[in-house]
Amino acid sequence: MATISLRLATVADAEQIRTIYNHEVMHTVATFDLVPRSLADQQDWLAARSGAFAAVVAVDTDAEPGGDVVGFGALSPYKERAAYRTSVENSVYVDRDRHGQGIGRLLLEELLSSAELSGFHAVFARINASGEASIALHRRCGYELVGIEREVGRKFNRWHDVALMERLL
């Protein structure tokens, strides 16, 4: 059984995060991004993450010295308008070869703890409505389905619905 630890992501993690994320971009509807990120894009994304919006990585410390990034997550502002400042949106991605090992739950619980410590009140998740595993993960972590956004994303030549889930802290 692998030893998984969580820590704040650094720019040095950019390539491993990019590999995980770009797989989802190119092969799944877990993200509606259509263009894979370049290394520079991923480094910029990480450099912009700080404070309550810092990215967290799950590291398999048995894999190699310093660890192998097997998942990541982050909080992002929910909306730009000032009245929404107490709400955030979470994102969690786990290496496809590591699904079903509890890594997503570790990341999501860490993000919820961080959100609470930062004084946020509501945490939202937008999940492709066909993403049963992700919806189940969020339910296990106390999220409730609050709506379905119909045909809001178009990827792989078809429309996709998005499940909007929320957890109040």
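The values are calculated or read from the model by the stated rules, or taken from the named source; none is laboratory data. None of these values were measured; they are calculated from a predicted model. Virtual Cβ from ideal backbone geometry, glycine too; neighbours counted across all protein chains shown.
If you scan the stretch 1-34, which residues turn out to be in contact with a strand residue (DSSP E or B) (Cβ under 7 Å, 6 or more places away or on another chain) and acidic (Asp, Glu)? Those that are in contact with a strand residue (DSSP E or B) (Cβ under 7 Å, 6 or more places away or on another chain) and acidic (Asp, Glu): 13, 24. Residue 37 falls short of the stated requirement of being loosely packed, with under 12 Cβ neighbours inside 10 Å, more than 18 Å from residue 109 (Cα to Cα), modelled with pLDDT of 95 or more and not aliphatic (A, V, I, L, M).
Being within 16 Å of residue 127 (Cα to Cα) and touching a Gly at 6+ places or on another chain (Cβ under 9 Å) is a condition met by no residue of the stretch 10-21. All conditions in (1) farther than 24 Å from residue 101 by Cβ; (2) loosely packed, with under 14 Cβ neighbours inside 10 Å; (3) touching a residue at least 12 places away in the same chain (Cβ under 8 Å) hold for residue 48, with the sole exception of (3). Within the stretch 120-169, being touching a residue at least 60 places away in the same chain (Cβ under 8 Å) and farther than 26 Å from residue 34 by Cβ holds for one residue alone: 120. Of the residues making up the stretch 71-126, those that are among the small types (Gly, Ala, Ser) and within 19 Å of residue 59 (Cβ to Cβ) are 71, 73, 74, 91, 100, 102, 104, 113, 114.
Of everything in the stretch 90-135 that is of a type in the set (A, V, I, L, M) and surrounded by fewer than 16 Cβ atoms within 10 Å (Cβ to Cβ), the residue that is nearest to residue 49 (Cα to Cα) is 117. Scanning the stretch 8-32 for residues that are assigned to a loop (DSSP other than H, G, I, E, B), within 22 Å of residue 163 (Cβ to Cβ) and out of contact with any Phe, Trp or Tyr (no Cβ under 8 Å at 6 or more places or on another chain) yields 28, 32. Selection of the stretch 33-50 for residues being assigned to a helix (DSSP H, G or I), under 29 Å from residue 2 (Cα atoms) and of a type outside the set (S, T, N, Q) yields 39, 45, 46, 47.
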